[in-house]
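Structure first, commentary second.
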Amino acid sequence: MKVSLLKTEQRIEVPADVSKKIRCYGKGNDYPQKILDLKSSSGTLTKCLNIYFRFVLGRGIEAINNLKVNENGERLIDLLRLIVYDHTIFGGRAWHVNYNMNGEIVSIYHIPLEFLRYEIDDERELTGRFVYYDDWNCRKRANVDTSRFVFINRFNPDNVLNEVESVGGIEKYNGQVLYMSNDGVNTYPTPIYDAVISDIATEDGIATIKYRNVKNNYLPSGILTTIGGAKADEEYNNGTIADAIKEMQGDSAACKILHVEVDRIEEIPKFTPFEVQNFDKEFEYSEKSVQSNIGNIFMQPPVLRGELVAGKLGTANEIKDAYDFYNSITDADRQMIEDDVKLIFSHSVFNVNLDEIKIWPLNFYGLVNNSQ
């Protein structure tokens, strides 16, 4: 087949919003917010991301984990946890740094990546600045309040003094942002699980169907029909039975018996069971399939996710091998964040040996020993 015949779609649309002078992150400028919603709706994705996060963070940079890096008293390890969270969830990260008048970094902060957008000019070209705003999808406010926009320059230590002068002094200066996207320069990031977004949404849909099946299915054991004068009762004719049937639905009313009176003596009392519709088996294959697809995209050994052979616990060697394997898979992630830290500290006032900046991977035996 010719490549030209393939039908493809852009995974993330980045239209320009001229009124706000930003490059949108997704068609509705809410791609990261939708990603967070998907994470909350998928148990498999949440589990995989938690494991991914733990292995990328590792043991932190042990030599300087407790180094305080800003006026709020935050330690480097505190920032690393936030940075790694964004890296694993979104595929990118944002460091905010402030300078002194000598052009040296004096404080380091984390900025939630979902709050940042690229600024554009009237020609829709990037200006080299970012727009910080905490409610792009209007969940806190009715509309996007442009008066709350904060403009922050791209990371460039060589340009600090010029930027400080242009805004009228260091006290008015908002510092710079080191914005790192795994997709490249001047590009919004996509997470590694973007390719299985449909599977993540499918898992959520299946869970919703199963929930509705349990909560709303008709679950009485059956109907017991007896002799009586119910039809003469005006309240009966006005829907008492219909109301009773409604009360028999759902998990809290399961296995109850509905009693009905009839006025013809010829009718023999009988119990009529109901065949309940259960959709669990119909979705069993789809559920396992999407869970497998989500797990595979992270390249995680099943033993790390607790997916063991029935009746068998993973041996110490199996778990150690899984740790070693996934440490090797996430080594590139740790290296990228190490490079961020080295770049920042190389322009800072902090007395840090750059050769000691290394994120140490998790050690299975070390974890076991520490817990004893």
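Miscellaneous remarks
- Per-pair calculated FRET efficiency, R0 = 51 Å: Asn186 and Lys288 via Cβ, rounded to 0.05: 0.80
- Using a probe of 1.4 Å, the accessible surface attributed to Met101 totals some 110 Å² when neighbouring protein chains are kept in position.
- Whole-Hz couplings from phi, Karplus 6.51/-1.76/1.60, listed for the range 56-67; x for Gly and Pro: 6, 5, x, 9, x, 9, 4, 5, 9, 4, 8, 5
- Value of relative contact order over the range 23-161, rounded to a whole percent, pairs C-alpha under 8 Å and six or more apart: 19 percent
- Segment Leu354-Met299, length gained on full extension (0.36 nm per residue, minus Cα span): 16.7 nm
- Value of relative contact order over the range 25-93, rounded to a whole percent, pairs C-alpha under 8 Å and six or more apart: 28 percent
- The listed residues Arg139, Arg23, Arg334, once ranked by accessible area (1.4 Å probe) with the largest placed first, stand as Arg139, Arg23, Arg334.
- Remark: for residue pairs Lys27/Lys68; Lys27/Lys140; Lys140/Lys172; Lys172/Lys358; Lys20/Lys172; Lys172/Lys342, the C-alpha separation exceeds 30 Å in Lys27/Lys68; Lys172/Lys358.
- Three principal axis lengths of the range 126-178 [C-alpha, angstrom, descending]: 39, 20, 15
- Given R0 = 51 Å, the distance between the Cβ atoms of Thr127 and Lys320 translates into a calculated FRET efficiency of 0.50.
- Where the alpha-carbon atoms of the range 149-209 are placed on the principal axes, they occupy 59, 23, 10 Å, in descending order.
- The distance between label points at Lys140 and Ser166 comes to 2.7 nm (points 7 Å beyond Cα on the Cα→Cβ vector).
- Most to least accessible of Leu49, Leu354 (protein chains only, probe 1.4 Å): Leu354, Leu49
- Cβ-derived FRET efficiency at R0 51 Å, Glu71 paired with Asp37, nearest 0.05: 0.95
- Accessible surface, 1.4 Å probe, highest first, among residues Glu119, Glu71, Glu62: Glu71, Glu62, Glu119
- For Tyr99, distant residues with modelled amide H under 5 Å away: Val106
- Projected label distance in nm at Glu338 and Arg148, using a 7 Å step from Cα toward the beta-carbon: 4.0 nm
- In the distance distribution for the range 2-127, Cα-Cα pairs more than 17 Å apart total 70 percent.
The values are calculated or read from the model by the stated rules, or taken from the named source; none is laboratory data. Just so you know, these numbers come straight off a predicted model, no measurement behind them. Please note: Cβ atoms are built from the backbone with ideal geometry, for glycine as well, and neighbour counts cover all protein chains shown. Protein only, heavy atoms only, side chains kept; ligands, DNA and RNA dropped before computing areas. Shrake-Rupley method; radii C 1.70, N 1.55, O 1.52, S 1.80 Å.
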